[in-house]
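Data block below; observations after.
The numbers here are math on the coordinates, done by the rules we state, and not lab data. Remember, it's a predicted structure, so these values are computed and weren't measured experimentally. Cβ placement follows ideal geometry from the backbone for every residue including glycine, while neighbour counts extend to all protein chains displayed.
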Amino acid sequence: MAAFDLNTDSVRVLNQHLHDSPSGTLSVTNPGGRHCIACGIDAPVEVSIDGHVGYYCAGMNKQAKITIAGNAGPGVAENIMSGSVRVKGNASQYAGASGRGGALIIEGDASTRCGISMKGVDIVVAGSVGHMSAFLAQKGRLVICGDAGDFLGDSIYEATIYVRGNVGELGADCIEKEMTADHVQGLKQLLAATGVAANVNDFRRYGSARKLYNFNIDHADDY
Amino acid sequence: MSHNKSLRASATFSQQVLDEIHRAADQGIYEIRGFGAKRSLPTFDDLVFLGASMSRYPLEGYREKCATDVVLGTRYARRPIKLKIPITIAGMSFGALGANAKEALGRAATAMGTSTTTGDGGMTEEERQSSKILVYQVLPSRYGLNPDDVRRADALEVVVGQGAKPGGGGMLLGHKITERVAEMRDLPQDIDQRSACRHPDWTGPDDLAIKIQELREITDWAIPIYIKIGATRVSYDVALAVKSGADVIVVDGMQGGTAATQDVFIEHVGIPTLPAVRMAVEALQELGMHRKVQLIVSGGIRSGADVAKALALGADAVSIGSAAMVAMGCNRNIFVEDYEALGTAPGYCHHCHTGRCPVGITTQDAELEERLQPEQGARWLKNYLTTMVLELQTLARACGKTHVLNLEPEDLTALTIEAAAMAKVPLAGTNWIPGNNK
Ligand SMILES: Cc1cc2nc3c(=O)[nH]c(=O)nc-3n(C[C@H](O)[C@H](O)[C@H](O)COP(=O)(O)O)c2cc1C
Ligand code: SF4
């Protein structure tokens, strides 16, 4: 197993290695909150990071399975395409921003704007999320096992949000929707696949009222 | 109507103002339109060159070389962009433009040895294939953004703002959204697609510096990273862009074109390109970064004279959007009945937002798009760019320059007090620069 100690190896050297000759499993120690660790990977490698990471860890990930045994700074797994990123601690703002595929699992809490502009990624948060989460969310699923802050799903498009705990004020055009059998089934599979223990029957579903999709003067106050 | 002395127009409530109030009363929504600012503004036309005479030595038009090549992105990138001419094609989104128009832009730019730029909505295969040098935009919407396209781009451009709408997001009205456009953006068809005005994963310049670091890490520090700003507080924004780690800064003045923006935004937000260039150059000089971080200027560039003046004020290159569309037939006097169907006429059209472009440029309609064949569009644009370069060289030679980047503010004088104050060059016939206490 390749090993990188970021007290001695630079993030640049690590990332270049991950881009040039990615293979098997790889461990990273002493991340020390450094930024841009393991971003831009396009290979089915497994990377385990032992400690806290700074901004944009695992950014634009493709294929790789990345585990962060610590907290993650802003923009973890931003624009993720495929593969998976697991944060064992808490995540800061914009977790999974504009993610287009794959999965982001946060075992702790996520801060504000979790899943902002998401475009197909599945994000599962075992804890709670801050305000403005799933802002402008286009596609994909955001699962919140704890509580959601205010303005959840503001200006949401076709993404789906599941919440188990309390929800603050909903964002513009975001409404509660029926949990159909299909939704229950899909959520069950997602929770199982991401290894997050929660009773699927405790969740409520939120999505777009689709009232802001085309400009309508009678809804001007909502814009 | 025969002359009627009792009719008296109001300067405050002109016919145009009256019409707009009536339209607002009927529709209850602001006007959305394409093209750039239509009001009259101080421009490069208010400057003229002081050709060589007794004290300076001109170059012979046909014999003596006047080079036009520029290199962009020399600060950090391993592979800077090498252009044969200092005129680039600005970012225009696929969605706003049809695929044929995008291909034509790419072909012409490639033939001229310059770059073209993607736009909101992502990179199309047609434009990657037809463009030798392609700048890939990273926009607040992140529509279509993906690491494969990031890696096959020749440069990245983080768009903070646009001259037509600094502080505003994008807009693509539902009727322009075809299946392909919707799929590229991960959105349903037929809905109004509003692009965010802020990036989803960074807020201030300190964050942006780290965002740029991420983009460099993903691309292994190979390609240049541009930052594009709409011209407002140019001095601060340019300084902050330098601090954030930009290789190249694009400053887009308020004349800059757009495919669909509120008219009130186009006409009332931002500053003209003329003062913006000078402010950007001063900010770079103050930091000792002029020519180290390259400056591209856009917004209302129409001719070789405009290019020459922008370079003389200190820009490294210019970028064109509207003028490139005009070269490809925008507002040309053909298909007149289709302009009329939009309620306009050749010469007045700003109806890119409708998706019914009479000449097939800003449309996704297959029948209309047929009207712009990529080869023909590319030929027109190549001819136009060639003309601009010849004009630019003519002016540079007249000022005795062997390279167009040797043009300098001392080669210019202003025809109006406003232009003298904005560009900080002396009013013609004086040594007076308003605002300079010399
Ligand atoms: C049809 C059209 C579409 C545009 N789309 C974008 C875009 O997607 N992203 C962007 O940064 N600028 C966009 N722009 C602005 C141009 O990049 C550029 O800033 C502007 O056109 C320069 O001014 P000019 O039109 O006077 O040359 C667009 C402009 C036009 C005319
Ligand atoms: S002719 Fe086409 S490109 Fe030109 S302003 Fe009209 S709609 Fe826009």
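General remarks:
- Within a Gaussian network of chain A (alpha carbon springs, distance under 10 Å), most fluctuating of A:Leu187, A:Leu104, A:Leu136: A:Leu187
- Three-way shape label, chain B, alpha-carbon gyration tensor, a/c 1.5: rounded
- Region B:32-423: relative contact order in percent, alpha carbon pairs under 8 Å with at least 6 residues between: 26 percent
- Rel. contact order, % - alpha carbon contacts under 8 angstrom, at least six apart, region B:29-88: 20 percent
- For chain A, the 222 nm mean residue ellipticity estimated from helices alone, with every DSSP H stretch of n ≥ 4 adding -39500 (n - 2.57) and the total spread over all residues, rounds to -3500 deg cm²/dmol.
- For the protein assembly as shown, the share of DSSP beta bridges that are antiparallel, to the nearest 5, is 20%.
- Where GluC sites (Glu not before Pro) fall in DSSP loop in region B:135-209, at most 10 other Cβ within 10 Å: none
- In a DSSP loop and with at most 14 other Cβ atoms within 10 Å, the GluC sites (Glu not before Pro) in region B:315-397 are B:Glu370.
- Cα-based shape type of region A:2-222, given that a ≥ b ≥ c are square roots of the gyration tensor eigenvalues and the cut on a/c is 1.5: prolate
- Cα gyration tensor, region B:75-167 - rounded (a/c under 1.5), prolate or oblate: rounded
- Relative contact order of chain A: 10 percent, from C-alpha pairs under 8 Å at least 6 residues apart in sequence.
- Placed amide H near B:His403: partners under 5 Å, 5+ positions off or other chain: B:Ala67
- The trypsin sites (Lys or Arg not before Pro) of region B:134-195 meeting both criteria, a DSSP state outside H, G, I, E and B (loop) and at most 14 other C-beta atoms within 10 angstrom of the site's C-beta, are B:Arg152.
- For B:Pro58, net neighbour charge (Lys/Arg +1, Asp/Glu -1) across residues whose Cβ lies under 13 Å away: +1
- Over chain B, DSSP H runs of length four or greater, each weighted -39,500 (n - 2.57), average out per residue to a 222 nm ellipticity of -9500 deg cm²/dmol.
- Set of aspartates and glutamates near A:Lys188 by C-alpha distance (under 15 Å), chain-local residues within fewer than 8 positions excluded: A:Asp122, A:Asp202
- Among the listed pairs B:Lys102/B:Lys211; A:Lys88/A:Lys139; B:Lys102/B:Lys176; A:Lys62/A:Lys177; B:Lys165/B:Lys382; B:Lys102/B:Lys132, a Cα-Cα separation exceeding 21 Å is found for B:Lys102/B:Lys211; A:Lys88/A:Lys139; A:Lys62/A:Lys177; B:Lys165/B:Lys382.
- Extension gain from B:Tyr76 to B:Gln15, taking 0.36 nm per residue of separation minus the Cα-Cα distance: 16.6 nm
- Basic side chains Lys and Arg get +1 at the Cβ, acidic Asp and Glu get -1 at the Cβ, and with that the dipole of the protein assembly as shown about its Cα centre reaches some 1420 debye.
- Beta-bridge orientation, region B:32-423: approximately 25 percent antiparallel, per DSSP, counting only bridges with both partners inside.
- Debye, to nearest 20: dipole size of region B:12-113, +1 on Lys, Arg Cβ, -1 on Asp, Glu Cβ: 760 debye
- Highest-MSF residue in chain B out of B:Val359, B:Val297, B:Val71 [GNM, Cα springs under 10 Å]: B:Val71
- Shown in residue order for region B:102-119 are the 3J(HN,Hα) couplings computed by the Karplus curve 6.51 cos²θ - 1.76 cosθ + 1.60 at θ = phi - 60°: 4, 5, 4, 4, x, 4, 5, 4, 5, 4, 8, x, 10, 9, 10, 9, 6, x Hz (x for Gly and Pro).
- GNM flexibility winner over chain B from B:Gly253, B:Gly400, B:Gly163 (Cα, springs under 10 Å): B:Gly400
- Zero-based 10 Å bins, Cα pair distances in the protein assembly as shown, whole percents: 3, 15, 24, 24, 18, 10, 4, 1, 0, 0
- Charged-residue dipole, Cβ positions (Lys, Arg, Asp, Glu), chain B about Cα centre, Debye nearest 20: 1220 debye
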